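Participant: Sharing a structure with you now.
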Amino acid sequence: MCMQNRLPLNNLNTFAAAAEHLSFQKAAESLYVTPSAVSHQVRNLEQILGHKLFDRLDKRVKLTAQGERLFNDIRAPIKQLNEASRRAFRGLEDSALALSVAPVFVTGWLLPRLKDFYSAHPDINLSVIATTDMINFESDPFDAAIRMGKGDWNDLLSYRLFNREIVAVCHPSLLENNEKLQANKKQFTPLEISNQSLVSNSSMPGLWKEWFQSAHIDIRDGTRGNLQLQNSAQVVEVLQTADSIGLIDRNFIKSDIKSGRLAIACEHVLQGDNGYYLTAPKSAESLPSFWAFKDWLGTHSDISFET
């Protein structure tokens, strides 16, 4: 056994990533290296310590008792060190904030209001990246994120912005050109919508089924002539030109409804426990730019924070 006093930091960091994911492949992706590089780093650490840290299985790895003990000892300090390194490489100062936001939130809510934020905080360098990818604050270059969920992220700061209000939406012409609707009403019923051409959001699978069930209609797939799109922002764009119906959060299409680019196709609304949250790692508590952004969000009448 090698009795050196210090373990190589790079080996420890790689080991921690592999232990977190229980996969050399996923650890490699998070570290932007190859799986063979992860394997080499871990084996080097095992040789230094004189015992195995992982049991290698077919498609994954499992921590040994020694590996689990080491991971428990280094997990918190490695996380803190990675956070400090990430901020140093990005040149992050108190006046900068990197924000990950769902695309529909960017286009439907944030962008129209950003000019107001920059006017209120000209000293803050706010960078916004629109993505539906799940954020890992330990490895991804973001200080905060706005995401939909139930807010049950115990290891994060989490502030509820507003509840989701999922409605069926279409181009106004789809309602205007329907003779049955012209005769006696201006919207479809949920059952009538099941016979229309529907647009689905692949980032929210099962949303149509959930919407129909909330309207007490049993539809197996809830689709007809189904078009699959990647996110809600694409759904909004397609609905402005197609004779189809899609599900969108009403919070993000108020201007589209007002301008006549879109229309509510049915009065039924899917609500539930999910909502949109401002989230951040607990290390953001020391970041003035995060609190400035949070306080600015709270100045809008359509946002009422709940922790």
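Participant: Where is the GNM fluctuation largest for the chain (alpha-carbon springs, 10 angstrom cutoff): Ala76, Ala144, Ala130?
Facilitator: Ala76
Participant: Spin-label point model (7 Å from Cα, Cβ direction): what's the Asn154 to Asp243 distance in nm?
Facilitator: Placing both labels 7 Å along Cα→Cβ, they lie 5.3 nm apart.
Participant: Okay, next question. Suppose the chain between Arg261 and Met134 were pulled fully straight at 0.36 nm per residue; how much longer would it get relative to their current alpha carbon spacing? Intermediate results must be reported in sequence, preceding the final value.
Facilitator: Details: separation 127, 0.36 × 127 = 45.72 nm, distance 3.05 nm.
Gain on extension, Arg261 to Met134, equals 42.7 nm.
Participant: How large is the direction-averaged shadow of the alpha-carbon convex hull of the chain, in nm²?
Facilitator: Numbers: hull surface 79.7 nm².
If I average the Cα hull's projected area over directions, I get 19.9 nm².
Participant: Related question: Under the definition of Cα pairs under 8 Å and six or more residues apart, what whole-number percent is the relative contact order of segment 166-270?
Facilitator: Working: 182 pairs, mean separation 50.1, N = 105.
About 48 percent, as a whole number.
Participant: A further question follows. In whole percent, what relative contact order does the chain give with Cα contacts below 8 Å and a gap of six or more residues?
Facilitator: Numbers: 475 pairs, mean separation 65.3, N = 307.
Worked out over the chain, it gives 21 percent.
Participant: Let me ask something else. Relative contact order for segment 46-173 using alpha-carbon pairs under 8 Å, separation at least 6, rounded to a whole percent? Walk me through the numbers on the way to the answer.
Facilitator: Values: 90 pairs, mean separation 28.2, N = 128.
That works out to 22 percent.
Participant: Mind grabbing the base-10 log of I(q)/I(0) for segment 106-182 at q = 0.12, 0.15 Å⁻¹? Debye formula, identical points on the C-alpha positions, no solvent, two decimal places.
Facilitator: -0.58, -0.78
Participant: Starting from the 7 Å offset along Cα-to-Cβ, what nm value, one decimal, do you get for the label separation of Gln25 and Arg75?
Facilitator: If labels sit at Gln25 and Arg75, their model points lie 2.4 nm apart.
Participant: Given only helices, namely DSSP H runs of n ≥ 4 each adding -39500 (n - 2.57), what is the per-residue ellipticity at 222 nm of the chain, to the nearest 500 deg cm²/dmol? It would help to have the intermediate numbers written out before the result.
Facilitator: Values: 12 runs with 119 residues, N = 307.
Mean residue ellipticity at 222 nm (helix-derived): -11500 deg cm²/dmol.
Participant: When you take every Cα atom in segment 166-270, what is the radius of gyration, and what is Dmax, the widest Cα pair distance, in Å?
Facilitator: Rg then Dmax for segment 166-270, in Å: 12.5, 37.
Participant: Give, in nm to one decimal, the length gained when the segment between Lys254 and Lys186 is fully stretched (0.36 nm per residue of separation minus the Cα-Cα distance). Working shown, then result.
Facilitator: On the way: separation 68, 0.36 × 68 = 24.48 nm, distance 1.83 nm.
Fully extending the segment from Lys254 to Lys186 adds 22.7 nm.
Laboratory data are not the source of any read-out in this text; all were calculated from the coordinates shown. All values reported here derive from a predicted model rather than from experimental measurement. Note: ideal-geometry Cβ built from the backbone for every residue, glycine included; neighbour counts use all protein chains shown.
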